[in-house]
Each structure stands twice: as structure tokens, then as C-alpha cells.
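Below is one structure, written out as C-alpha cells; comments come after it.
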Amino acid sequence: MDKISFDFSNRTAVVTGGAQGFGLDIAKRFLKSGGKVIIWDIDLKVLEKAVKDLNNSNLSSNIVDVSNFKEVEKCVAEITKKSNIDILINNAGITGPTAPLWEYDIDTWKKVVEINLMGTFNCCRAVVPNMIKNNYGRIVNVASVAGKDGNANASAYSTGKAGAIGLTKSLGKELADKNIAVNAVTPAGAKTRILDQMTKEHVQRMLSKVPRGRFLEVEEFTSLICWLSSEENTFSTAAVFDISGGRSTY
């Protein structure tokens with residue numbers, strides 16, 4: 001099936017966790033659609049490979065720990081000296097280990113929430129002022145169906161993603177009087193490296209909940225992200241877009 005065309009010429013996008021999985025595919029589509037893309041990732045080796053493989057003059061990258069606000073703020077300040085940030089895709093995230101809440105390592109629990117929730121807050125906190133200044137912006141926060149339903153033995157991940165959904169609804173309303181759209185997406189499991197962080201039993205449990213009977217394809221996810229990030233999205237904001245193969249219907 002032919003992919004729908006989007007026009008991102010004269011637009012600059014920051015994609016967090018952009019060196020692999022969802023983020024890398026989003027970066028590819030943005031670049032093919034004429035946009036300038038800055039991918040952020042914490043893994044230098046993976047980031048260097050992504051930049052080399054994409055080999056595009058409109059692509060740049062930064063090593064950024066999204067859970068560190070000072071790092072994020074400094075990077076945004078450097079970018080906005082040269083250009084605006086028109087699109088922000090908060091995609092960086094980790095699942096963490098699977099364990100019952102009462103056995104969950106406290107420091108690990110905090111780390112998962114710091115990256116999945118505070119990372120989203122930090123990036124929005126740093127980027128939104130530039131969008132307000134230019135009265136234009138598209139923010140997409142990558143949450144998860146786990147943030148809606150809650151996954152057993154994944155309390156940290158579910159909590160972080162639920163928080164990202166709440167953040168989206170609040171920020172979208174705060175910016176609703178401007179040409180800035182803030183939305184969240186809630187994918188079910190997809191064929192990315194994030195599955196490698198989970199036990200086979202946990203992965204199978206996730207798959208068993210999807211009426212479509214398969215995992216989400218990365219390209220399917222990217223198509224939704226592109227529309228939400230485009231100028232065509234002139235009305236939807238503070239919303240949650242489900243892409244879970246029928247698992248969640250609310």
C-alpha cells in the first residue's frame with residue numbers, strides 16, 4: 001500500500017529516542033517528507049549508526065538524557081539559536097523489568113518513571129516557549145496502552161505512561177488558544193527492540209490481549225504520528241489516539 005504523503009518542508013522536528021525503533025522510522029518519514037530532523041538518544045553507538053545509515057544532510061543528532069532537565073534545556077537553547085523547533089516527538093522510553101509491585105526495586109522504579117514521565121515533561125517544558133513565540137507547534141507524546149489499562153508486573157512503566165497521558169491533556173488545554181497541538185498515542189506492543197527488555201511470558205501475555213492477533217507494525221505507527229505532526233491536524237489537541245489493534249476501545 002502506498003504511503004500517504006506529508007509536507008514537512010520548512011519544518012524542524014526533534015525526535016527523542018530517535019536512533020532506533022519507532023523514533024528512527026519517524027525520523028526517516030520526516031526526512032523523506034522534506035523536514036529537518038534532530039534525533040536525540042542516550043546511546044552513542046546506536047545514534048552514530050543511525051546517522052550514518054540515514055546519511056541525510058537535513059539530519060543532525062545530540063546525545064541527550066531526557067530525564068536530565070539541564071541537558072534538555074541546554075540542547076534546546078543551542079538548537080533555537082539557529083532554527084525553531086516546530087515538531088516535538090517525545091518517544092524516548094524504557095519498559096524496565098517485570099516484577100510484582102511489592103518486589104519492584106525502588107531505584108529502578110524511579111528510573112523508569114523519570115524517563116517515561118519526567119523525560120516527557122522536561123522536553124515539553126524546554127520546547128514549548130519556542131513554539132509559543134512562533135505560534136506554531138505539534139507535540140506528540142508516545143504513551144502506551146499500558147498507561148490506559150495497566151499491565152500486571154509493569155507498574156513503573158504503566159504509571160509513567162499514564163502520567164504522560166495526563167500531561168498531554170493538561171498541556172493541550174493550556175495551549176488550545178494557539179496554533180499548537182499536543183496529542184498522545186497509545187500503541188500496543190510492536191516489533192521493536194523494546195520487546196527484548198521483556199520476558200517471553202510477558203510478551204505473549206501482551207499479544208494475547210490484541211484482537212487483531214498480531215503486533216503493531218512500525219510503519220503503521222509512523223503514519224499516525226505524521227498526521228498528528230502535520231499542518232493538516234488543525235483541530236485535534238489534548239487527545240489520546242489509540243493504535244492497539246482493538247485492545248483498548250476508549
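Below are the figures for this structure:
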read-out	value
Flagged links, alpha-carbon separation over 25 Å, of Lys82/Lys173; Lys52/Lys133; Lys110/Lys161	Lys82/Lys173; Lys52/Lys133
At 0.692 mPa s and 37 °C, Stokes D of segment 139-250 from Kirkwood alpha-carbon radius, µm² per second	225 µm²/s
(1) 1.03; (2) 0.95; (3) 1.08, with the label sought being that of the calculated Cα Rg over 2.2 N^0.38 Å	(2)
Kyte-Doolittle at least -1.0, axis length at least 18 Å by Cα - qualifying DSSP helices, the chain	119-134, 155-174
Unit charges at the beta carbon, dipole of segment 12-243: most positive-side option, Gly96, Gly147, Val15	Val15
Largest to smallest principal axis extent of the C-alpha atoms in segment 36-167, angstrom	48, 34, 25
Relative contact order computed over the chain (Cα-Cα under 8 Å; 6+ residues apart), in percent	19 percent
Candidates Lys111, Lys52, Lys209: whichever shows maximal mean-square fluctuation once the chain is modelled as a Gaussian network with Cα springs under 10 Å	Lys52
Mean ellipticity per residue at 222 nm, deg cm²/dmol - from DSSP H runs of n ≥ 4 across the chain, formula -39500 (n - 2.57)	-13000 deg cm²/dmol
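Only the coordinates and a few stated rules stand behind these numbers; no lab work does. Small disclaimer: the values here were computed from a predicted structure and weren't measured. Positions of Cβ are generated from backbone atoms using ideal geometry, with glycine treated the same way; all protein chains shown enter the neighbour counts.
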